[in-house]
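Some notes on the structure that comes next.
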Amino acid sequence: MAILYGPTFGEEMVAAGLLPGATLMWNAEEIKREHLTPEQNTLLDSIIAAHDPTAQLPPPVNPMADHEARIAALEATTAALEAQIVALQTHVGIARGGDNVFSDQRHQVRRLNGR
């Protein structure tokens, strides 16, 4: 039997306001609508008339995709900053002196400030 109600049918009923609230069941080939009010039946008929059974749902959203992209951007930024730090350390000679250079610089600043 042909597919009459495609994967978007449920979403279309929600968008039209039929669901939640109406009591009905459906599959790709039939709808059980015995418990619908006349207004709900009329609304369902209009949904069926507009329904395209070949329409597809959009692909599911990966909630981690945005986080993964941010992590990748932060990793790239971190790598660039690390490269800049190495370049600065090499430029001012900190790479050769390590923490001692910072200590010596602090001592010189204290001496200049009279402490």
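What to note about this one:
- Per-region count, segment 48-85, residues within 30 Å of E30 (Cα to Cα) and loosely packed, with under 10 Cβ neighbours inside 10 Å: 8
- Condition check for D66: over 30 Å from L18 (Cα atoms), at pLDDT 75 or above and under 36 Å from the mean Cα position of the chain (by Cα): yes
- Every test in (1) at pLDDT 80 or above; (2) assigned to a loop (DSSP other than H, G, I, E, B) is passed by I3 save one, and that test is (1).
- Test: residue in segment 15-26 that is over 24 Å from the mean Cα position of the chain (by Cα) and among the β-branched types (V, I, T): yes
- Among the residues of segment 13-29, some residue qualifies, meaning at least one is outside any helix (DSSP H, G or I) and in contact with a His (Cβ under 6 Å, 6 or more places away or on another chain).
- Residue match in segment 45-53 (condition: touching a helix residue (DSSP H, G or I) at 6+ places or on another chain (Cβ under 6 Å) and at pLDDT below 85): no
The values are calculated or read from the model by the stated rules, or taken from the named source; none is laboratory data. Note that the coordinates shown come from a computational prediction; the quantities given were computed from them, not determined experimentally. For neighbour counting, all protein chains shown are included, and Cβ atoms are generated from backbone atoms with ideal geometry for every residue, glycine included.
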